[in-house]
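Since the structure comes first, as structure tokens, the remarks are kept for the end.
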Amino acid sequence: IGRWRITPGDPGTVRVRGWALDPETSLPIRIRVVVNGRTKAVALANTENTAVGAAYPGNGPFHGADVTVPLARGRYRVCVDGIGVGSGLSVRRLGCAYVRVTAPTTTTSTSATSSSTTSSSTTAPAAPTA
């Protein structure tokens with residue numbers, strides 16, 4: 001289970017931040033950032049999030065993550081998967097969003113255009129936010 005916020009980051013990046021946990025264990029789990037169907041990053045969701053610890057006291061607070069993925073300018077479907085460690089070893093889709101990434105700033109450019117998220121969803125219950 002988990003909750004993720006998927007937004008444009010700095011120009012040339014997308015930022016994925018939130019939390020994920022496997023209810024079968026208190027250990028942190030890995031998350032996978034998938035962009036247009038391809039895995040672009042894998043990270044351990046192990047940063048402290050006291051709200052998660054309060055909502056899921058049996059699992060503890062160390063289930064947060066904040067990942068930045070470099071991407072070229074364009075519109076992408078970005079998803080986050082949780083990779084379970086319990087008896088199921090299952091992969092669950094925790095959320096997706098369409099994100100528009102602007103071109104990275106270069107030395108010849110004086111300004112960058114703004115980015116926007118066009119949609120977002122999550123399968124996580126209403127619980128602590130990142």
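The numbers here are math on the coordinates, done by the rules we state, and not lab data. Everything numeric here is computed off the predicted structure, so don't read it as measured data. So basically every Cβ, Gly included, is an ideal-geometry build from the backbone, and we count neighbours across all protein chains shown.
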Amide N proximity, region 67-86 versus Arg100 label position 7 Å along Cα-to-Cβ, cut-off under 19 Å:
71-79
For region 1-45 (alpha-carbon point model, no solvent) the Debye-based log₁₀ I(q)/I(0) at q = 0.14, 0.27 Å⁻¹ works out to -0.38, -1.08
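Determine the gain in length on full extension of the stretch Glu24-Val91; use 0.36 nm per residue of separation and subtract their C-alpha separation, reporting nm with one decimal.
Working: separation 67, 0.36 × 67 = 24.12 nm, distance 1.36 nm.
Computed gain between Glu24 and Val91 is 22.8 nm.
Below 12 angstrom from the Cβ of Val16, what's the summed charge of the other residues (Lys, Arg +1; Asp, Glu -1)?
Values: positive: Arg3, Arg5, Arg15, Arg17, Arg32, Lys40; negative: Asp66, Asp81.
Once positives and negatives cancel, what remains is +4.
Any chance you could run the full-extension gain for Arg75 through Asp10? It's 0.36 nm times the residue separation minus the Cα-Cα distance, nm to one decimal. Don't skip to the answer; put the middle values down first.
Numbers: separation 65, 0.36 × 65 = 23.40 nm, distance 1.47 nm.
Length gained, Arg75 through Asp10: 21.9 nm.
Within a Cβ distance under 9 Å of Cys79, other residues only, what is the Lys/Arg minus Asp/Glu net charge? Intermediate results must be reported in sequence, preceding the final value.
Values: positive: Arg32, Arg77, Arg93; negative: Asp81.
Neighbourhood net charge equals +2.
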